[in-house]
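A quick write-up on the structure given underneath.
The values are calculated or read from the model by the stated rules, or taken from the named source; none is laboratory data. Nothing here was measured: the structure is a model prediction, and the numbers come from that model. So basically every Cβ, Gly included, is an ideal-geometry build from the backbone, and we count neighbours across all protein chains shown. Accessible surface is based on the protein model in full, side chains and every heavy atom, while ligands, DNA and RNA are left aside. Shrake-Rupley method; radii C 1.70, N 1.55, O 1.52, S 1.80 Å.
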Amino acid sequence: QGGPDTWFFDKKRSSFGAIFDLGIHKIDLIQYLLSSPAVKVEAKTATLDKRDSRGKLIDVDDNAFAILQLANGTIGSINVSWTNYGPIDNATTIYGDRGVLKIYDDPAYPIELFSADGSKDLYSQEDLQKVFSIKDSGVINEFVDAVIKKRPSILDAEKILPSMQTVFAAIESSKTGKEAVIGS
């Protein structure tokens, strides 16, 4: 249940804020797309605006910014916020040496690819469903099937570990004001 006193905004009950809620997905996507784990992170987390019903700022971060260095040398950044008061913004932009990939920036085209040569490829939800022949990610179905059949899930928890380590390192970096080495 939402609202200013939701458990999600209470550090005693949820422990983490926007960096964990939103940042982990972006970090996981970056590492997956680039096939490289993060090795260093420098981050700033802050509570800028979210308040409880007494008007006091919540105990967990509502905004975060992190600069990541991947093992393959790639440098990237993520920005996440719970203080967006316009339309929901779940956009991810990846800047590369051959172009820019925008994910969920335009509601009509969930994937936009702007190539360095000036070309632009736009993919609608229908295009993606045709290409990938899927209606949903299958994550929930896989989890439920594994529980029902009492078998290990193909969604191995170890695969998320590098993203979790990166988030924890980002939180540490924000506390110390210094770059954090992942896994140390």
> Quick one: what does P(r) look like for the range 1-96 with 5 Å bins over all Cα pairs, in whole %?
Replying inline: 2, 13, 22, 22, 16, 12, 8, 4, 1, 0
>> Past 20 Å, Cα to Cα: identify those pairs from K11/K44; K12/K50; K12/K178; K44/K102, in the order given.
In response: K12/K178; K44/K102
>> Can you compute the equivalent ellipsoid semi-axes for the range 44-143, i.e. the square root of 5 times each eigenvalue of the Cα gyration tensor, sorted largest first and rounded to whole Å?
In response: 31, 21, 15
> So what's the net charge close to D61: Lys and Arg +1, Asp and Glu -1, counting the other residues with Cβ under 14 Å from its Cβ?
Replying inline: -1
>> Can you give me the solvent accessible area of D127 with a 1.4 Å probe, rounded to the nearest 10 Å²?
In response: 50
> So how do E172, E126, E158 rank on accessible area, 1.4 Å probe, biggest first, that is with the largest at the start?
Replying inline: E158, E126, E172
>> For the chain, what does the convex hull of the Cα positions come to per residue, in cubic angstrom?
In response: 166
>> Could you work out [θ]222 nm for the chain from helices alone, using -39500 (n - 2.57) per DSSP H run of at least four and dividing by all its residues? Round to the nearest 500 deg cm²/dmol.
In response: -8000 deg cm²/dmol
> Mean 1/r over all different Cα pairs, inverted: what Kirkwood radius does the range 83-184 give, in Å?
Replying inline: 17.5
>> Computing the accessible area with a 1.4 Å probe over protein heavy atoms, can you report the carbon and sulfur percentage for the chain?
In response: 56
> Cα centroids of the range 53-72 and the range 1-46: how far apart, whole angstrom?
Replying inline: 7
> Once amide H atoms are placed 1.01 Å from N in the peptide plane, what residues at a sequence separation of 5 or more from V60, or on another chain, have their amide H within under 5 Å of its amide H?
Replying inline: K11
